[in-house]
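The values are calculated or read from the model by the stated rules, or taken from the named source; none is laboratory data. Computed from a predicted model, the values in this text were never measured in an experiment. Ideal geometry is used to build each Cβ from the backbone, glycine not excepted, and the neighbour counts take in all protein chains shown.
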Amino acid sequence: MSSSDALHPEQLRMFIPAGELTSAVLTTKGPLKGDFVPGDFEPGPDFDYAGTWRRKLKASHKPADLYYDDSRYDAVATKGVTKPIQLMHSSQRTQFQTNTRQKAAGEEHWVIVDGHHRIAAAADIDPKMEIPVEYPNITPAEKRAVT
């Protein structure tokens, strides 16, 4: 049972399975309602979100920084994701976007602001792994729009 199975309709989820966070599909109209879109999406030759997740997974195998030998992947494999990722409502995201395809209207959805490498690692290790989530600066109207 997923942690979101017992939520009230007005309540935001505090944990989301990694596989769900990486399952968004880019359509000609933009993201679909309820999708979780990688905020640093860069169009590649395939012009899809899957390419972004492949790049993040590959990078997650490298050491996190110069002072540690462990990679983000190893940390997620041993401890899970402990630091919450941040989600932003789609109505807030234009300030962060640089390419026009990302600004495509689509339907209201969530944008992953932080934690891409941890999500990619978790989805590879176990797509059902629950990822802690934060929603900084969300307004009540935005909350109602996506719940």
Single residue of segment 130-147 satisfying the filter (at pLDDT 75 or above and either under 15 Å from H109 (Cβ atoms) or assigned to a helix (DSSP H, G or I) (or both)) that is nearest to the chain's Cα centre (by Cα): V133
Considering residues of segment 44-69 that are of a type in the set (A, V, I, L, M, F, W, C) and more than 15 Å from H116 (Cβ to Cβ) only, the residue modelled with the lowest pLDDT: F47
Which listed residue, of R118, R72, is closer than 27 Å to N137 by Cβ, in contact with a His (Cβ under 7 Å, 6 or more places away or on another chain) and at pLDDT 75 or above: R72
